[in-house]
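Taking it in order: structure first as structure tokens, then the write-up.
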């Protein structure tokens, strides 16, 4: 996934694994840009089309966090979005150059109760927004 820095802050990279990953990425992007804290900070990462394809292929999303970040908002949107997915869908979120990484599945999110969902969002926000936090996490 090729990327460039969007702003002076921290960059977060998201990848979706699903049968229709490009469509899922576009849909997740539409959810993310609805949030005022994330508006203007989300960019689709694309790779060149293979021979005979009609255009570039969606490869991931990049979110630029400024001072203060928006990690809780990002985590909340990703968890809500996954809760509305059917089938096997996984979102992998990476802060910086693998400083922190978290992977969340639709199946895992759907099995959580309200308290567990809040705990997951808090855990994700801590990993993604706190450079001093833990290095990896799974849900």
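Could you tell me which of the residues 93, 57 is within 22 Å of residue 38 (Cβ to Cβ), touching a strand residue (DSSP E or B) at 6+ places or on another chain (Cβ under 8 Å) and at pLDDT below 95? Let's see the steps before the verdict.
Details: 57 fails: within 22 Å of residue 38 (Cβ to Cβ).
Residue meeting the stated conditions: 93.
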Q.
Just to be sure I understand, how many residues within segment 29-43 are exposed (fewer than 15 other Cβ atoms within 10 Å of the Cβ) and either part of a strand (DSSP E or B) or at positive phi (or both)?
A. 1
Q: Would you point out the residue of segment 126-139, among those that are surrounded by 13 or more Cβ atoms within 10 Å (Cβ to Cβ) and within 18 Å of residue 70 (Cα to Cα), that is modelled with the lowest pLDDT?
A: 133
Q. Where residues in segment 74-125 are on the phi > 0 side of the Ramachandran plot and out of contact with any helix residue (DSSP H, G or I) (no Cβ under 8 Å at 6 or more places or on another chain), which of them is surrounded by the fewest Cβ atoms within 10 Å (Cβ to Cβ)?
A. 98
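The values are calculated or read from the model by the stated rules, or taken from the named source; none is laboratory data. Keep in mind that what you see is a predicted model, and the values were worked out from it rather than measured. Note that we place each Cβ from the backbone using ideal geometry, even for glycine, and neighbour counts take in every protein chain shown.
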